[in-house]
């Protein structure tokens, strides 16, 4: 039995914790079943955003006419795009390993619990004062062995000439946007009539209208069956719509982006007292501790926020809890997210629909971005700022942006929310003119006006 100060199962963002603890002279066992860096760096948010960078350039050229510029794309070297992306991925593992000193022992394999405090990996048994489960999540398995999940994209081995993507969430729309933008015949198959169903409805509607200008989407449809031709290496996909009419299409590749599931089933938790929730994710308390003392779970493995920035924040907080004697629980006041697509979305807080469902008093301020000369220069009409504000105390309940650089603009709103969350700060602050973030000002001014109207009506 090998003794460590800390065992970490899963080497994504938790690698930073291993690095920091090792610098304190503590012995760390870091267990990883695939590549160091985890899903985000190897198969998820980072390589996908590298692809989106190419998509943005392609879209800009395709839409140059609106700027009175005659531009055409002579060629898109898709092979080079994936070559460079794969090149980045190939260096992730070694770059992560370089961070560690001699106090970190990396085990390449699947770590399984033998009991509450014993882990077995590669026929070796390990124990430690603290054990952290940071095993993330994985895509729901596609229904056909030859079909792809999002994990199969990176590193890509075969560049398809055509692809069908099944799903309606951010992974599905981001990847559809990329493939379509670089000239690969792309079809997105969506079970309902909505895309990005968790977003504010008004934002959803704008997104749908703009997104479908560039990507071929089949709504209200399901995949009845898949046939794969081994000789031609192509799929025949049979699609049924809401009228129960079936159509068949051929594609080089089929990708399912229909959700993610827990990796807890790989850990042999039956040998422990660690409890799972109904979805199969690991339960924890406000200090990230499972029901087994000194065994903790962070990130996607807990199944709460499923966002890389949330996982990073949790791991940083857990480090302070374990090694800096800071015993306060982590409470996320606000959890922002973004969809890096065309169009781009950023959101924080609750939607208008949630305000209604929860009977929360609110006023809504919805404004376009045309007050910003920078926005006008982009020749885009749809960008929108939507603010939901509590009229009693001026608290921002939700902010929803759709338009270029929404993810960047959102941080100005987040700053106000994290200080004392008063919409009047956005109204009264000095904006650089004519920066794009100036588009927030009319929304803030209008929100305060709506609150004043609300007060008058309430007191009448």
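Laboratory data are not the source of any read-out in this text; all were calculated from the coordinates shown. Owing to the predicted nature of the structure, the values given are computational and were not obtained by experimental measurement. Ideal geometry is used to build each Cβ from the backbone, glycine not excepted, and the neighbour counts take in all protein chains shown.
What is the chain's relative contact order, in percent, from Cα pairs under 8 angstrom and six or more apart in sequence? Display every interim value, and only then the final one.
Numbers: 889 pairs, mean separation 60.3, N = 460.
Rounded, it is 13 percent for the chain.
Rounded to 0.05, the FRET efficiency of the residue 249 and residue 415 pair, given R0 = 56 Å and the Cβ-Cβ distance, is 0.75. With the highest mean first, a sort of the peptides 3-15, 145-157 on other beta-carbon atoms found within 10 angstrom per residue produces 3-15, 145-157. In this rough spin-label picture, where each label sits 7 Å from Cα along the Cβ direction, the residue 293-residue 242 distance is 5.7 nm. Inter-label distance, residue 429 to residue 125: 5.6 nm, where each label sits 7 Å from its Cα along the C-beta direction.
With a ≥ b ≥ c taken as the square roots of the eigenvalues of the C-alpha gyration tensor of segment 148-258, please select rounded if a/c is under 1.5 and otherwise prolate if a/b is larger than b/c or oblate if it is not?
Numbers: a/c = 2.00, a/b = 1.33, b/c = 1.51.
The shape class here is oblate.
Less than 17 Å from a label point 7 Å out along the Cα-to-Cβ axis of residue 216: which backbone N atoms in segment 239-255 qualify, by residue? Flagged as within label range: 239-241, 246-255.
List the residues of segment 4-29 whose backbone N lies under 18 Å from a point placed 7 Å from the Cα of residue 102 along the Cα-to-Cβ direction. Hits in segment 4-29 for residue 102 at 18 Å: 4-5, 19-29. Taking other Cβ atoms within 10 Å as a rough exposure proxy, 284, 125 sort from fewest to most as 125, 284.
Separation of segment 112-150 and segment 390-460, taken as the distance between their Cα centroids, equals 43 angstrom. Summed over qualifying helices (DSSP H, 4 residues or more, each -39500 (n - 2.57)) and divided by its residue number, the chain shows a 222 nm mean residue ellipticity of -9500 deg cm²/dmol.
Put in line by how crowded their Cβ is, counting other Cβ atoms within 10 Å and starting with the fewest, 224, 357 read 357, 224. Take the alpha carbon atoms of segment 288-313, find their center, do the same for segment 62-81, and report the distance between the two centers in whole angstrom. When both Cα centres are located, 43 Å separates them. FRET efficiency for the residue 382 to residue 3 pair, using the beta carbon distance and R₀ = 51 Å, is estimated at 0.30. With the simple model of a label 7 Å out from the Cα in the direction of the Cβ, residue 393 to residue 353 spans 2.7 nm. Taking the fewest neighbouring Cβ atoms within 10 Å as the starting point, the ordered list for 30, 50, 370 is 370, 50, 30.
Given their separation in residues at 0.36 nm each and the Cα-Cα distance between them, residue 325 and residue 279 gain 13.3 nm when the chain is fully extended. Stretching the chain fully between residue 456 and residue 201 yields a gain of 89.0 nm (0.36 nm per residue, less the alpha carbon separation). Length gained on full extension, residue 72 to residue 86: 2.3 nm, using 0.36 nm per residue less the C-alpha separation.
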